[in-house]
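To start, the structure under review is shown below, and the notes come after it.
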Amino acid sequence: MLRLLARRLLLSIPLLLVVTAITFFLQSLIPGDPARSLLGPSATPQQYEALRQALHLDQPVIVQYLNSIGGVLHGDLGRSIFTGEDVGQTLANRLPVSLSLIVGGTLVALLIGILLGVLSATRGRLLARFIDVFSLVGGALPNFWVGLVLAAIFAVTLALLPATGYVPFEESPGDWARALILPVIALALSGIATIAKVVRDGVSTAIGQDFVRTLRAAGVPRRVLIWKHALRNSSVSLVTVVGVIFVASLSGTILVENVFVLPGLGSLAVAATARQDIPVIQGVALAFTVITIVVNLLVDVSYGLLNPKVRAR
Amino acid sequence: MTVAPISDGRVRTGRIRTNGLAVGALAFVALVVLAVALAPVLSPYGVNKQDLVRALEGPSASHVLGTDSLGRDVLSRLLWGGQPTLLGVLVALIVFVVVGVVLGVLAGTLGGWFDALVSGIADILMSLPGVVLIFAVLAIFNQELTPAMIALGLLGSGSLIRVVRATVIGVREELFVSAAIVSGLGPVRLMARHILPATFAPVIIQASLFAGAALAVQSGLGFLSLGVHPPDPTWGSIVGEAAANLAKAPWLLFVSGGTITLVSLALALVGDGLRDVSAARRRSDGGARTPVRPVAATRPAGAPAQEGVVLSVQQLEISFGERVVVRGVSFDLRPGEILGLVGESGSGKTISTLATLGLLPANASITGGRILIGSDDVTGADDRGFEGIRGRRVGLISQEPMVALDPLFTVGSQLMEVLRYSTSLPASQRRGRAIELLTRVHLPDPAGVLRKFPHELSGGMAQRVAIAVALAGDPELLIADEPTTALDVTVQAGILDLLRELRAERNLAVLFVTHDLAVVADICDRVIVMQNGAIVESGSAEELFANPQAAYTRELLASTPSLVRAS
Amino acid sequence: MSAVLQVEGLEVAYRTRGVRGRSVPVVHGVDFAIAPGETLALVGESGSGKSTIGNAILGLVPAAAGRIEIDGRDVTTMSRSARRGMARTVQAVFQNPYGSLNPWITVGQTLAEPLRIAGRSRPETSERLRWLLDRVYLPHDALDRYPSEFSGGQRQRVAIARAIALDPKLIVCDEPTSALDVLTQAGVLSLLRELQDELGISYLFITHDLAAVREFAARVCVLERGRIVETGRSEEVCDNPQHPYTRELVAAAPVPDPVLQRERRELRLAAERRGAASS
């Protein structure tokens, strides 16, 4: 167990280095020069040199990289080349939007997925068949398209929910929730499908196993066998996919935020990509990597809590 | 010796049926790829040919899929737009497969530090925030799609590396690989003949899944207008344009997004179909199970339960769908009696005993006769009908003690759970009772055993715990399904001694299922010999061994090796 | 006549997984020999190291110390390619006939494999395949079928056919019948015996079943936790065991005769009570 965690933590160091290095060194391949593009063609050579020094662009790439690593360790993620805003501050402002979406989407996927999965494992073939089809289709639907279709139906045609925009939770919890309903569904759909399938396979496998028969023959009622023993035995694979779904939602949220015009990290990343704002992209990548590392750690800890064999190691 | 006829058609027909949908899906993907490749020939209009007069028209004879906001033909744009889209997917897919297979095979074969390194790389790749890095690549390479798709393939390959590595390691542990090594195969032939072929199915499954994901990412980028060079379309950018005209022309959204969804669904179906086929080949009986047609249990007015009979099985018939697997089985079991049910695999001995506890598999049902526990008719009863019977009046011990207990709960938690449902003991007394039970089955340090998980027990200890679980509700009947088959012979002797002790002490009746005539001779008072679902002979153990009547019994006896030369 | 297999001072150790993998010895200084046409049994309970010894002889696990001489050649010091050449001399039949045949290739391809490697021509191979199927009483059309179409006993016959394909002098039989039904078991054992009479093969018969030893093997080595505790003629070891562990094994194994078994059981229980009283 401890070895597992130690390995994860050890791996997270090269992981962070890789992410920062990829984004950093690749930018040296950019044709053109951020200082030049920031100043425009009319700037004097003095202005240009001054800005290059201010941005440390006159130093060798490796020194720039080490400087930026040092900055990151001090919580300084640099400034946007385009707007000049502090990247760390921008990330902090936008993080709650993305997290609401991702956490909300994962929770919805978890609840509905478990319910559908258990029901289809225990209640006959028709539902199982439906889950099969649903998980295939749900996995194949691109989430941004689902978002657009939902917006077309519920916002444009029925005018029940807002099509775009975000309201902070502090301002109005009700409007916050209304703004998030459609994006969360769009984000959760494929997760529901995946979780339902994993739970169904896990529960029906567990039900067929000897230990369930032993306990059933000893008088333990069926509901206890299903909701306690069978579900608990599928929890290891369940936790794995929840981790995967959460991490995949980081990518999914980029598209969904753009569909519903939500001011999160995803729309920030898209805007930054369109205008080659490398420090901002780097910042988003770093934030996503840290979130991924935390999620993976949580998944590993849950393995230990759920499986006594892992705990013993 | 004659060989049983082998039904030839079973496996093949099963294979084709599971393939039907997948083959259709594959054909669909091929058709789309072909149409996109032939866009210059097939598209009815130029890709960017505008006709502003006819903007945002619905489907018509001249524009089969309608027109967009600039009056361009949507079908033509989908055909042309498919080219950068599918090409991008192809680039990502090639990188994914090459990197995944090469690194996975090498890691699985070489092992050691190289394996550790590659596994680390795979973990890192799987933990990277993929799409953001692709954005970075797009920004850096000035919206060029190819580097972004190479990055996508690379980032995705972590999962394939893991799958291929695990498959290679798994196959190398298979007995048939040992057999091939013993046959003199060198490493190259071993790889080509036995190991690489085993990775084909998982690689194709993963590749089809990845292709779907790559399509989603590719079209997502297009939707965000990244990696697009207007006015030339990609599938994603067409969705983006449709989104801008959502209120005026919703069908555009369905046509464009629907195309992406259908292709990605078809890819998923291909992978799914392949998974089924490869699973079918591994099964020993490739054929699909016949669907169950539940048949109402007929209950002839058989003899009433006799006084002092714990279990009475009368003219029992059990079927899997149309196939009758047990017929005309009758026997009575009295308190203090150990009755052996002997037969080879497929004789129906296990299925008959499971029926007495209502534990038949879902596709089997009782189609005739009846089962009485004491005086209660439990023929075809459901879980509710067995309430108060399972655990309280009948206990079960099964063949594999190591899997007979839930691996995720301690012995104590399971034993006390069973006590909660099969006795009326108050919660405060359950722990003491659990310790008593473990002491009764001769487990040393019962309090310590309560805290242990099943994997911390030896096979013999686990079987003793299973017996304690079966005894928790103080039943009068114990059903023992091959309880010593998985155990070493010295451990087996101890378990059989314990069962004899319990019988003497509680006047317990035991239905003992086994294939081993020597074990029968050791423990059973009476014996029933079964073959092909029917009883061929029954009688007292001494009688049956000394003077077997049925030819089958004689054959079984003659085939059972004996440690002692017959005198 | 010199021995087909001569094992001297064999030690085998397994490495535990992980970076700090330790070496756990499982076989300690085992010696035995098998004469041409002879069957020697290795009998022991789980964890006795009996299968490990078989795997070491087959070259599937390395020997930590000692010699394994097959047909007069020490295989522990051989190069890998020379070791592969030993396939003509030593072969194997494994316990699980479901796992020992590659499910992806036909029975014909499985059987042809050793022949093709040994350099037999195509016509020679196909003739030999038919001969092999006749030897193990399988129909010729079995060649085009996949293992999943056969029963356990039939698969074990295929595995036996593969083992005799190159006319080996020794076959390591690792629990060849323990996954099979009683009647099938008897059929497989009598097939093995028949092939021995016909082709003069020696068997190393690895098993947990003393009764099968008595029926099938001339001599037996009893293994306890990686050590041979007793060696002798099968009948003598079964009827008159010397070592306490062998005595325990013999006493615990039931015999298919209720009257005799009751006597044996009462003797065993009496001995156990004496043991408990004296300790």
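Given just the C-alpha atoms of region A:190-237, how large is their convex hull per residue in cubic angstrom? Don't jump to the answer; show the numbers that get you there.
Values: hull volume 2.8 nm³, N = 48.
Taking only Cα atoms, region A:190-237 has a hull volume of 58 Å³ per residue.
Per the 1.4 Å probe, what fraction of the accessible area of region B:89-275, in percent, lies on carbon and sulfur atoms?
73 percent
From the cross-link list A:LYS309/B:LYS452; B:LYS452/C:LYS50; A:LYS228/B:LYS452, which pairs have alpha carbons spaced over 21 Å apart? The partial results should precede the final answer.
Numbers: A:LYS309/B:LYS452 11 Å; B:LYS452/C:LYS50 30 Å; A:LYS228/B:LYS452 19 Å.
Beyond 21 Å: B:LYS452/C:LYS50.
Return the FRET efficiency for the residue pair B:LEU38, B:ILE94: r is the Cβ-Cβ distance, R0 is 30 Å, and the value is rounded to the nearest 0.05.
So the FRET efficiency works out to roughly 0.85.
Using a 7 Å offset from the Cα along the Cα-to-Cβ direction at both C:SER126 and B:SER540, what is the distance between the two label points in nm, to one decimal?
Rounded to a tenth, the inter-label distance reads 6.4 nm.
Give me the summed buried accessible area for the C-B pair, 1.4 Å probe, to the nearest 100 Å².
The buried area between C and B, both sides summed, comes to about 5900 Å².
So, taking all protein chains as they sit and a 1.4 Å probe, how much accessible area belongs to B:HIS63, in Å² rounded to tens?
For B:HIS63, solvent-accessible area is about 10 Å².
Pop out the ³J(HN,Hα) list for region A:249-265 in order, Karplus 6.51 cos²θ - 1.76 cosθ + 1.60 with θ = phi - 60°, rounded to Hz; leave Gly and Pro as x.
In residue order, the calculated couplings are 5, 4, 6, x, 5, 4, 6, 5, 4, 6, 5, 9, 6, 9, x, x, 5 Hz.
For region B:416-459, list residues with backbone N below 18 Å from a point placed 7 Å from the Cα of A:ARG3 toward its Cβ?
Once the point is set 7 Å along Cα→Cβ of A:ARG3, B:456 turn out to lie under 18 Å by backbone N, inside region B:416-459.
At 7 Å along the Cα-to-beta-carbon direction for both B:ASP445 and B:THR485, put a label point, then send me their distance in nm to one decimal.
3.2 nm
For chain B, take N as its residue count and report Rg(C-alpha) divided by 2.2 N^0.38 Å.
That works out to 1.36 for chain B.
Between A:LEU158 and A:LEU10, what's the calculated FRET efficiency when r is the beta-carbon distance and R0 is 51 Å? Round to 0.05.
Efficiency at R0 = 51 Å is approximately 0.45.
Would you please report the Å³ per residue occupied by the convex hull of the alpha carbon atoms in region B:503-563?
Enclosed volume per residue, from the Cα hull, is 96 Å³.
Pairwise over distinct Cα atoms, reciprocal of the mean inverse distance: report the Kirkwood radius of region B:66-206 in Å, one decimal place. Please list the in-between numbers first.
Working: mean 1/r = 0.0576 Å⁻¹.
By the Kirkwood definition, the hydrodynamic radius is 17.4 Å.
Report, ordered by chain and residue number, the aspartates and glutamates lying within cross-link reach of B:LYS49, taken as a straight Cα distance under 20 Å and ignoring same-chain residues fewer than 8 apart.
List returned: B:GLU57, B:ASP68, B:ASP73, B:ASP232, B:GLU241.
Which number comes out as Rg/Rh for region C:167-279 once both Rg and the Kirkwood Rh are worked out on C-alpha atoms?
Rg/Rh: 1.03.
In 10 Å bins starting at 0, how do the alpha-carbon pair distances of the protein assembly as shown split up by percent?
Reading upward from the zero bin: 2, 8, 15, 18, 18, 15, 11, 8, 4, 1, 0, 0.
For C:TYR98, tell me the accessible area in Å² from a 1.4 Å probe, rounded to the nearest 10.
Looks like 110 Å² after rounding.
Please tell me the relative contact order of chain C in percent, rounded to the nearest whole number, where contacts are Cα pairs under 8 Å and at least six residues apart.
Details: 479 pairs, mean separation 66.3, N = 279.
Taking the mean separation of contacting Cα pairs over the length of chain C, I get 24 percent.
Compute the signed sum of charges (Lys and Arg +1, Asp and Glu -1) over the other residues within less than 11 Å, Cβ to Cβ, of B:ILE535.
Around B:ILE535, the charge tally is +1.
Whole-Hz Karplus ³J(HN,Hα) for region B:465-479, in order, using 6.51 cos²θ - 1.76 cosθ + 1.60 and θ = phi - 60°, x for Gly and Pro?
Each residue of region B:465-479 in turn: 4, 4, 5, 4, 4, 5, 8, 4, x, 6, x, 9, 10, 10, 9 Hz.
Please list, by residue number, everything in region B:166-195 whose backbone N is under 19 Å from a paramagnetic label point 7 Å out along Cα→Cβ of C:ARG116.
Label zone hits: B:176-195.
Rg to Rh ratio, region A:118-230, alpha-carbon atoms and Kirkwood radius?
With Rg and the Kirkwood Rh in hand, the quotient comes to 1.17.
So with the 1.4 Å probe, I'd like the accessible area per residue for the protein assembly as shown, rounded to whole Å².
Numbers: 49300 Å² over 1159 residues.
Dividing the accessible area of the protein assembly as shown by its residue count gives 43 Å².
Take peptide C:70-77, look around each residue's Cβ out to 10 angstrom, count Cβ atoms belonging to other protein chains, and average those counts.
That works out to 0 on average.
What is the local net charge at B:GLU505, summed over the other residues whose Cβ is closer than 15 Å to its Cβ (Lys, Arg +1; Asp, Glu -1)? Don't skip to the end; give the middle numbers.
Values: positive: B:ARG440, B:ARG500, B:ARG503, B:ARG506; negative: B:GLU337, B:GLU436, B:ASP474, B:GLU476, B:ASP497, B:GLU501.
Residues close to B:GLU505 contribute a combined charge of -2.
Among the trypsin sites (Lys or Arg not before Pro) in region B:313-407, which ones are in a DSSP loop with at most 14 other Cβ atoms within 10 Å of the Cβ? Mind listing them?
B:ARG384
For chain A, what number results from the quotient of the Cα radius of gyration and 2.2 N^0.38 Å? Please list the in-between numbers first.
Details: Rg = 24.0 Å, N = 313, 2.2 N^0.38 = 19.5 Å.
Rg over 2.2 N^0.38 Å, computed on Cα atoms: 1.23.
Just the number: Rg to Rh for region B:369-423, Cα atoms, Kirkwood Rh, two decimals.
Numbers: Rg = 13.7 Å, Rh = 13.1 Å.
So for region B:369-423, dividing Rg by the Kirkwood Rh gives 1.04.
Please give me, ordered by residue number, the trypsin sites (Lys or Arg not before Pro) of region A:87-131 that lie in loop per DSSP and have at most 15 other Cβ atoms within 10 Å.
Within region A:87-131, the qualifying trypsin sites (Lys or Arg not before Pro) (loop, at most 15 other Cβ atoms within 10 Å) are A:ARG123.
In nm, give the distance between the simple-model label positions of A:GLN89 and A:VAL261, each being 7 Å from the Cα along the Cα-to-Cβ direction.
Distance between the two pseudo-spin positions: 2.6 nm.
Rolling a 1.4 angstrom probe over the protein chains, ignoring ligands and nucleic acids, what is the accessible area of C:ARG88 in square angstrom, nearest 10?
Accessible area of C:ARG88: about 130 Å².
Could you work out how much longer the chain between C:LEU267 and C:GLN109 gets when fully extended? Use 0.36 nm per residue separation minus the Cα distance between them, nm to one decimal.
Taking C:LEU267 through C:GLN109 to full extension adds about 51.5 nm, to one decimal.
Give me the one-decimal Kirkwood hydrodynamic radius in Å for region A:162-289, with the sum taken over alpha-carbon pairs. Show your work: numbers first, answer last.
Values: mean 1/r = 0.0567 Å⁻¹.
Mean inverse Cα-Cα distance, inverted, gives 17.6 Å.
Regarding region C:171-232, what whole-number volume in Å³ per residue does the convex hull of its Cα atoms give?
87 Å³
The values are calculated or read from the model by the stated rules, or taken from the named source; none is laboratory data. Given the structure is predicted, the values throughout are model-derived calculations rather than measurements. Virtual Cβ from ideal backbone geometry, glycine too; neighbours counted across all protein chains shown. Heavy atoms of the whole protein, side chains included, go into the accessibility calculation; ligands, DNA and RNA do not. Shrake-Rupley method; radii C 1.70, N 1.55, O 1.52, S 1.80 Å.
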